[in-house]
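> I'd like to ask some things about the structure below.
The values are calculated or read from the model by the stated rules, or taken from the named source; none is laboratory data. None of the values given here were measured: they were computed from a predicted structure. Heads up, the Cβs are rebuilt from the backbone with ideal geometry, glycines too, and the neighbour counts pull from every protein chain shown. Protein only, heavy atoms only, side chains kept; ligands, DNA and RNA dropped before computing areas. Shrake-Rupley method; radii C 1.70, N 1.55, O 1.52, S 1.80 Å.
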Amino acid sequence: MGSALDRHVALVGFMGAGKTTVARELAQRTNLNVSQVDRSIEHQAGRSVVELFAEGEQVFRTYEEHVVQTTLLSRRRLVVDLGGGAVTSPLVRGALLERAITVWLDVDVDTCWERVRGSDRPLAQDEAEFRRLYDERLPLYRETADVVAHDIDDVVLAAAGVHVERGALGRLGSLVPGEGAVSLVSDAYVAGIHGMDAQLALGSRLAETHEVPSGEEAKTLAAVDRLWQQLRLDRRGTIVALGGGCTTDAAGYAASAYLRGVAWVPVPTSLVAQVDAAIGGKTGVDLPQGKNLVGAFHWPALTAIDPALLATLPEAQRREGMSEVVKTGLLAGEPLWELPDDELVRRCAAFKAAVCLRDPRDEGERAILNLGHTFAHALEAAAGYEGVTHGRAVALGLLAALRLSGRDTGQVEEILRPKPVRVERERAWQAMQRDKKAVGGELRLVLLGDDGPRWNVAVPADDVRRELERLIA
Ligand SMILES: NC(=O)c1ccc[n+]([C@@H]2O[C@H](COP(=O)([O-])OP(=O)(O)OC[C@H]3O[C@@H](n4cnc5c(N)ncnc54)[C@H](O)[C@@H]3O)[C@@H](O)[C@H]2O)c1
Ligand SMILES: [Zn+2]
């Protein structure tokens, strides 16, 4: 069992559930290609679906089995849009189980009927028969699906292998993919609060538990080396990382190289980790020379997010996360910070997941996730990484980015209440120029345009410096 990205995304659901529309939207959000099974069948058979059904449903189903099986063998990751009855075939169900993340678009029968009545679909000519078929298929969708989706964000999250559910921690045993042994990694503090629940949920899958230091101390080669030496998993095993972003970054990096790479499942417990750090497959550790200088792209087999775990998070840690939430809302163009926790986490996670699916190796668009961060890093560096937390620095950085984008800062000020920091101005400016290698009197920043975020925008150094100075007390 490798990463979630090794599997196709298969959409199942009844006639009229909107699979084709959702498939198109998912493709747009993730840059994946869509394969429409019904169209491939028509292409291969040289006849329309209606004509094939006229020859008998079994003729159609035989083509369908063949097309689904060959489509799922494609090396290129696809969004596979399946016909409503495809799951009636055990061969199709078996192929989906092996090669796809199967997403069930769960839509009620009344809505489905409203959408398809009057169409030429062979199985939608009689309402009573349509409803009977719906009831008959329901258990099959339930059985086949890895994920039940109600909107496009649910589908994007499924495509990224991200599972957001209140109570997910208690279901960890059934959520962790594969059959191999599990090694549970967390820091002592989080282990003390949530470790026992995780152990109980993992049950007989759990082979060993390990501790990493709390905070950035976990993100050192020494800590990862200790973990490597303690691990007893074989290659079929999975590392489950329960904790904040420091734990998931370090344990994910350990997983990327242990036995040349084993599967891993982050279970983020801080707000920072649930909306940001545990999504997108970046793992790594720090060097004395700087943060995150050694690492790997290692996409998880699954990311299990349980918003209920935030209840035990100290207020200061919650504020750290809110800066990233506000950043995400600004990028998405929606006040996501106003939502209740479960929805806030789900929407923010879905936004980051989509960006990372479009740019998994951080070669382009993913840079937008650094909105405000160039300023933040300069302030943190000028403070010698003490006394100025990342969240506070990001809150200030967002102010500067908004001002340079010609945007109002009222919302950020109201929610994050950023206070200017006491650091040396010249030191902050030096750090900023080092970070961005100012070329020809300009720096490259992420700004918000009228049609969404833009990255690599050239901004005159004088303007950047002026905005940086406003963040310093
Ligand atoms: N990989 C990425 O894409 C990415 C993205 C953003 C941030 N990060 C990294 O994430 C790290 C910061 O993550 P963080 O803010 O979660 O720090 P963290 O892991 O140190 O956790 C913060 C503190 O909160 C405690 N904690 C966590 N969950 C808790 C809970 N539910 N109840 C009580 N206490 C809890 C932890 O023990 C710790 O003391 C940084 O190293 C940053 O570089 C990585
Ligand atoms: Zn950040």
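> Which of the residues spanning region 142-169 are open to solvent by less than 60 Å² (accessible area, probe 1.4 Å) and more than 20 Å from the chain's Cα centre (by Cα)?
Within region 142-169, just 144 meets the criteria.
> Enumerate the pairs (first residue in region 148-171 and at positive phi; second residue anywhere and surrounded by fewer than 20 Cβ atoms within 10 Å (Cβ to Cβ)) with beta-carbon separation below 6 Å, excluding pairs fewer than 6 apart on the same chain, so at least 6 apart or on different chains.
Qualifying pairs under 6 Å: none.
> Quick check on my filter: what residues within region 7-39 are in contact with a Phe, Trp or Tyr (Cβ under 9 Å, 6 or more places away or on another chain) and of a type outside the set (Val, Ile, Thr)?
Once the filter is applied, which keeps residues that are in contact with a Phe, Trp or Tyr (Cβ under 9 Å, 6 or more places away or on another chain) and of a type outside the set (Val, Ile, Thr), region 7-39 yields 11, 13, 14, 15, 16, 17.
> Which one is farthest from residue 329 (Cα to Cα), of the residues in region 372-388 that are open to solvent by less than 10 Å² (accessible area, probe 1.4 Å) and among the aliphatic types (A, V, I, L, M)?
Checked region 372-388; the qualifying residue farthest from residue 329 (Cα to Cα) is 382.
> With 78, 72, 5 as the choices, which residue is touching a Pro at 6+ places or on another chain (Cβ under 8 Å), closer than 30 Å to residue 260 by Cα, modelled with pLDDT of 95 or more and not small (Gly, Ala, Ser)?
Testing whether each residue is touching a Pro at 6+ places or on another chain (Cβ under 8 Å), closer than 30 Å to residue 260 by Cα, modelled with pLDDT of 95 or more and not small (Gly, Ala, Ser) leaves just 5.
> Filter region 406-424 down to the residues that are open to solvent by less than 30 Å² (accessible area, probe 1.4 Å) and assigned to a loop (DSSP other than H, G, I, E, B), then identify the one that is farthest from ligand 1 (Cβ to nearest atom).
409
> Among the residues of region 240-259, write down those that are more than 7 Å from ligand 1 (Cβ to nearest atom), under 23 Å from residue 363 (Cβ atoms) and open to solvent by 10 Å² or more (accessible area, probe 1.4 Å).
253, 256, 257
> Let me ask another. Scan region 400-429 residue by residue and report those that are polar (S, T, N, Q) and touching a residue at least 24 places away in the same chain (Cβ under 8 Å).
405, 411
> State which residue pairs qualify: first residue of a type in the set (Val, Ile, Thr) and inside region 189-203, second residue open to solvent by 20 Å² or more (accessible area, probe 1.4 Å) and not in a helix (DSSP H, G or I) in any location, beta carbons under 9 Å apart, and separation of 6 or more residues or different chains.
Close Cβ pairs satisfying both conditions: 190/214.
> Look at residue 393 and say whether it is open to solvent by less than 60 Å² (accessible area, probe 1.4 Å), assigned to a helix (DSSP H, G or I), more than 14 Å from ligand 2 (Cβ to nearest atom) and not aromatic (Phe, Trp, Tyr).
No: the conditions fail for residue 393.
> I would also like to ask the following. What about residue 234, is it of a type in the set (D, E, K, R) and either closer than 21 Å to residue 317 by Cα or assigned to a helix (DSSP H, G or I) (or both)?
no
> If you take the residues of region 260-314 that are surrounded by 22 or more Cβ atoms within 10 Å (Cβ to Cβ) and of a type in the set (Ser, Thr, Tyr), which of them is farthest from residue 222 (Cα to Cα)?
Filtering first and then ranking leaves 303.
> Yes or no: region 290-308 includes at least one residue that is small (Gly, Ala, Ser), within 16 Å of ligand 2 (Cβ to nearest atom) and touching a residue at least 60 places away in the same chain (Cβ under 8 Å).
no
> May I ask you to verify whether residue 123 is assigned to a loop (DSSP other than H, G, I, E, B), open to solvent by 20 Å² or more (accessible area, probe 1.4 Å) and modelled with pLDDT under 95?
Judged against the criteria, residue 123 is a match.
> Being more than 16 Å from ligand 2 (Cβ to nearest atom) and under 21 Å from the mean Cα position of the chain (by Cα) is true for just one of 325, 267, 275. Which residue is that?
Just a single option satisfies the conditions, and that option is 267.
> Here is a follow-up. Name every residue in region 446-461 that is part of a strand (DSSP E or B) and touching a helix residue (DSSP H, G or I) at 6+ places or on another chain (Cβ under 9 Å), in order of residue number.
446, 447, 448, 452, 453, 454, 455, 456, 457, 459
> Here is a further query. Which one is nearest to ligand 1 (Cβ to nearest atom), of the residues in region 340-359 that are surrounded by fewer than 19 Cβ atoms within 10 Å (Cβ to Cβ) and under 22 Å from residue 295 (Cα atoms)?
Filtering first and then ranking leaves 359.
> Based on what the data block shows, is residue 237 within 16 Å of ligand 2 (Cβ to nearest atom), of a type outside the set (Lys, Arg) and either surrounded by 18 or more Cβ atoms within 10 Å (Cβ to Cβ) or without any contact (Cβ under 8 Å) to a residue 12 or more places away in the chain (or both)?
When the stated conditions are applied, residue 237 does not pass them.
> When residues of region 327-338 are filtered for being crowded, with 18+ Cβ neighbours inside 10 Å and either of a type in the set (Phe, Trp, Tyr) or under 15 Å from residue 349 (Cβ atoms) (or both), how many remain?
Going through region 327-338 one residue at a time, the tally reaches 7.
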